[in-house]
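Here is the structure we will look at, set down as structure tokens.
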Amino acid sequence: MMRALFSAISGMKNHMAFMDVVGNNIANVNTIAFKSSRVTFQDILGQTIKGASSPQGGRGGMNPAQIGLGMQLGGIDNIMTQGSLQSTGKLTDFAIQGDGFFVVSDGSRNYYTRDGAFDIDVAGNLVNPVTGLKVMGWRVDASGAIDVDGPLEALSIPFGTRISARATSEVVMAGNLDAGTPTYSAGPPATGLVQSTLTVYDSLGNAITINLEFRKNSAANTWDVVGFYDHDGNTGTADQQVTPTPGQIVFDASTGAVQTPANGILSFSLTALPSGAATPLNFDIDFSALTQFAGASQLNVSSQDGAPAGALVSFAVGSTGEITGIYSNGANQVIGQLALAAFTNPGGLQRLGQNLWAPSANSGEPLIGQPNTNGRGSVSTGTLESSNVDLAQQFTSVILAQRGFQSSSRVISAGDQMLQDLVNIIR
């Protein structure tokens, strides 16, 4: 009789723990990147009333007879499945698609989290605005390289920092020159002429506009390239010609592709630049993407590597965790690399509260590296991971916990009644 009471008590006690876990799961249904818990039960070793015996003589074997002594809490497991991703549109919100964890630090210890609701503090640090913990990764060195094998550093987004101007060294032009264009004649009016403009920069970031003229040569499939630019700021005087004058492009008669020069590149030099500009300015123009087919002439500048000085105005994070600074001059430059940590047994991590995790003896040490490597997952920008709590399952567990507790309490009531009847025998 007493065994039944103690078994029922163990059932009530552990079903209360079951309800505590379920209640915590439900309470965190809207917590960013929350991982739900699951309770498992075990029976307690039973009391053996009669042992088992093997077959002997003409008798068969007999099974043991045992009375259970109740149940106990077997374990509380962390369910580390992926939560759904919700778009926020906020530049500093990150989510991990995979098994990795962000690394955050208070300056003396690293913590691990799936909560990517970050922000930028007044000092430009990328931080969790609730805890103040800094997001860790790797910064670029003086040469612009990132050493992912080096120690982790707190990441920062230094808005307002400036980058130096870059002198133009290469321009890439593409498009088509009409094969039916007549031979160039100065006119007036000029004929056999296709015009285009491009902007180049000197080492101080001064923009210089160059007017290019493509003049159809009397030689077959040959064009002369002549450039002009304003060298003195006086529109009333003749523009300076780009050296050499002219450059020459020869197209293949059968394919329409550039034949001469062989690599499609012509080198130019500007010697008499406007006041305040750095001289000389030497650059190449790559015409290898230019064609000569029958049809309208159309030219455009595909790219050029020069830029004026600029300041950091925004940033972007790719799926590999690479942080790219976006500058006011249109330049993009890598400024950092986000780090992710993976664990051999993530279910063995210890909860610290505030969406933080710490390694335990059974989780393994953190394996830190770049996103998209060794199963760490990729980083999604402008999104947050939702809780992985399944409300339907949790409310079912509420019913199970309630009924389990209720049934155990009925056993105690029944046991009490039986003991009362036993006491009443001596009346």
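The values are calculated or read from the model by the stated rules, or taken from the named source; none is laboratory data. Every value quoted in this text rests on a predicted model; they were computed, and no experiment measured them. Cβ placement follows ideal geometry from the backbone for every residue including glycine, while neighbour counts extend to all protein chains displayed. In case anyone asks, the SASA skips ligands and DNA or RNA and just uses the protein heavy atoms, side chains included. Shrake-Rupley method; radii C 1.70, N 1.55, O 1.52, S 1.80 Å.
Tell me, which residue of region 6-54 that is more than 47 Å from the chain's Cα centre (by Cα) and crowded, with 16+ Cβ neighbours inside 10 Å is modelled with the highest pLDDT? Among those that are more than 47 Å from the chain's Cα centre (by Cα) and crowded, with 16+ Cβ neighbours inside 10 Å, it is 10. Which residue, of 227, 192, is over 49 Å from the mean Cα position of the chain (by Cα) and within 25 Å of residue 291 (Cα to Cα)? Checking each option against the conditions leaves just 192. Of all residues in region 273-284, at least one satisfies being in a strand (DSSP E or B), open to solvent by less than 70 Å² (accessible area, probe 1.4 Å) and at pLDDT 90 or above. Only one of the numbered conditions (1) touching a residue at least 60 places away in the same chain (Cβ under 8 Å); (2) outside any strand (DSSP E or B); (3) surrounded by 14 or more Cβ atoms within 10 Å (Cβ to Cβ) is violated by residue 363, and that is (1).
Restricting the first member to region 186-206 and to residues that are aliphatic (A, V, I, L, M), and the second to residues that are at pLDDT 90 or above and in a loop (DSSP other than H, G, I, E, B), the beta-carbon pairs closer than 8 Å and six or more apart or on different chains are 190/184; 193/184; 194/181; 194/297; 200/168.
When region 62-81 is filtered for residues that are among the hydrophobic types (A, V, I, L, M, F, W, C), open to solvent by less than 70 Å² (accessible area, probe 1.4 Å) and in contact with a strand residue (DSSP E or B) (Cβ under 7 Å, 6 or more places away or on another chain), the ones remaining, listed by number, are 65, 67, 69, 71, 73, 79.
Note on region 253-269: among residues that are loosely packed, with under 12 Cβ neighbours inside 10 Å and touching a residue at least 12 places away in the same chain (Cβ under 8 Å), the one that is farthest from residue 228 (Cα to Cα) is 253. The strands (runs of 3 or more DSSP E) found entirely in region 112-215 that carry 2 or more residues being open to solvent by 60 Å² or more (accessible area, probe 1.4 Å) are 134-139, 193-201.
Table: residues versus (1) open to solvent by 70 Å² or more (accessible area, probe 1.4 Å); (2) at pLDDT 95 or above; (3) part of a strand (DSSP E or B).
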residue	(1), (2), (3)
325	no, no, yes
341	no, yes, yes
368	no, yes, yes
376	no, no, no
404	no, no, no
408	no, no, no
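Listed by first and then second residue, the pairs with beta-carbon distance under 7 Å, at least 6 apart or on different chains, first residue in region 48-77 and without any contact (Cβ under 8 Å) to a residue 24 or more places away in the chain, second of a type outside the set (Gly, Ala, Ser) and exposed (fewer than 11 other Cβ atoms within 10 Å of the Cβ), are 52/63; 61/55; 64/50; 65/49; 65/50; 66/49.
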